[in-house]
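These notes concern the structure reproduced below.
A short reminder: the numbers here are calculations on the coordinates, not readings from a lab. No experiment lies behind these values; they were computed from the predicted model shown. For neighbour counting, all protein chains shown are included, and Cβ atoms are generated from backbone atoms with ideal geometry for every residue, glycine included.
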Amino acid sequence: MNVGFIGLGLMGQPMATNVLKAGFSLIVYNRTPEKVKALVALGARPAGSPMALGEDSEIVITMVSDHEALWEVILGPQGALIGAKPGTIFIDMSTVPPDVSCSVASEVSKAGCHMLDAPVMGSVGAAVKGELTILVGGDQAVLQKAEPVLRTMGKALYHVGGNGGACFLKLALNAIGLTQIEILGETLLLTERAGLKRDQVLEILSAIGLIRSPFVETRLEKIRKQEYLPPTFTVRNAVKDLTYGLKAAEKTGLKLETAKSVLDRYRSLMAEGKGQHDVAAATSLG
């Protein structure tokens, strides 16, 4: 089976590598051509455009930065859908708004192809190990055909309903993790003002099962040292995801005040020029 992979950033690179290592014939495209070199060295074939990639792929996977990039690489003038044959399966693993994902899925369907939204939960480390959690929205029969490819990237796979559902769930779950980072920052500020040692507080928090957070624990070393580069998940992406989530919530009639407060904190970090820092930078309150 020929698998095309578009988007070779922090997460896309190891995900695509695992697809290739599992024995699938891999075609790769990235808007920054330098990023395809490592995979080409492992045996992947480079494509000159998303359209060229779509021509040769039975499954097209996208892992791009935002909804505008998704629209461009699938539906743009050189988009993968233009080159795709009827029956091609598109799997978007990016974090994008549910309504955009559904709009793309509608256009894909009109061309006689199929689409799954399949955003992932997990860090870069989990991506390298092929241990991501994959949330899937779309037709169950299409998922069955694509599952062998998805299983190369994730240890757990959940079909949550129709197109757009997985995107909605991903945004909601991301808000939980980002809120944990924010409240930890407030906790550290409070305990430091009380004269307690930062390292000891972090050690105790990690030892208490009821409040221990794997999302936080993957960043403990950064938090201890207060060094937030290189990132595993950037402040810029936190702002993007929380903004998407709040807009999606508004369309259901909800105003999520806690999520809005957390978004304000990450926006303040962006204003300080820390957009490329890890989200753990939100613990540096003072």
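I want to check the label-to-label distance for GLU227 and ARG198. Put each point 7 Å from Cα in the C-beta direction and report it in nm to one decimal.
1.3
Once you have the Cα-Cα distance between SER109 and ALA156, take 0.36 nm times their residue separation minus that, and quote the gain in nm to one decimal. Can you show the working numbers first?
Working: separation 47, 0.36 × 47 = 16.92 nm, distance 2.68 nm.
Difference between extended and current length: 14.2 nm.
Structure shown: which of LYS170/LYS197; LYS85/LYS129; LYS155/LYS240 lie over 30 Å apart, alpha-carbon to alpha-carbon? Display every interim value, and only then the final one.
Details: LYS170/LYS197 35 Å; LYS85/LYS129 32 Å; LYS155/LYS240 26 Å.
From the list (LYS170/LYS197; LYS85/LYS129; LYS155/LYS240), the Cα-Cα distance tops 30 Å for LYS170/LYS197; LYS85/LYS129.
Near LYS255, which aspartates and glutamates are there with a Cα under 17 Å away, not counting those fewer than 8 places off in the same chain?
Straight-distance partners of LYS255: ASP241, ASP264.
Roughly how many nanometres apart are two label points built 7 Å out from the Cα toward the Cβ at THR187 and ARG212?
1.3
So what is the relative contact order of the chain, in percent, for Cα pairs below 8 Å that sit 6 or more residues apart?
On the way: 522 pairs, mean separation 40.0, N = 286.
The value is 14 percent.
Rounding to the nearest 10 and keeping the result within 0 to 90°, find how far the Cα-based axis of helix 198-207 lies from the longest principal axis of the chain.
The answer is roughly 60 degrees.
Roughly what would the spin-label model give for ARG45 and ALA22, points 7 Å off Cα along C-beta, in nm?
2.0
Report for the chain the percent antiparallel among DSSP-assigned beta bridges with both residues inside it, nearest 5. Let's see the in-between values first.
Working: 4 of 29 bridges.
Counting only bridges with both partners in the chain, antiparallel ones make up about 15 percent.
Could you calculate the FRET efficiency of ASN2 with GLN140 from 1/(1 + (r/R0)^6), where r is the beta carbon distance between them and R0 is 22 Å, rounded to 0.05? If you can, show how the numbers build up before the last one.
Values: r = 23 Å, r/R0 = 1.05.
It comes out at approximately 0.40.
Between GLY154 and residues 5 or more places away or on another chain, which pairs have amide H atoms under 5 Å apart, with H built 1.01 Å from N, and which residues are they?
Those lying under 5 Å, H to H, from GLY154 are LEU132.
Report which label in (i) 150; (ii) 124; (iii) 133 holds the value of volume of the Cα convex hull per residue in Å³ derived from the coordinates of this structure.
(iii)
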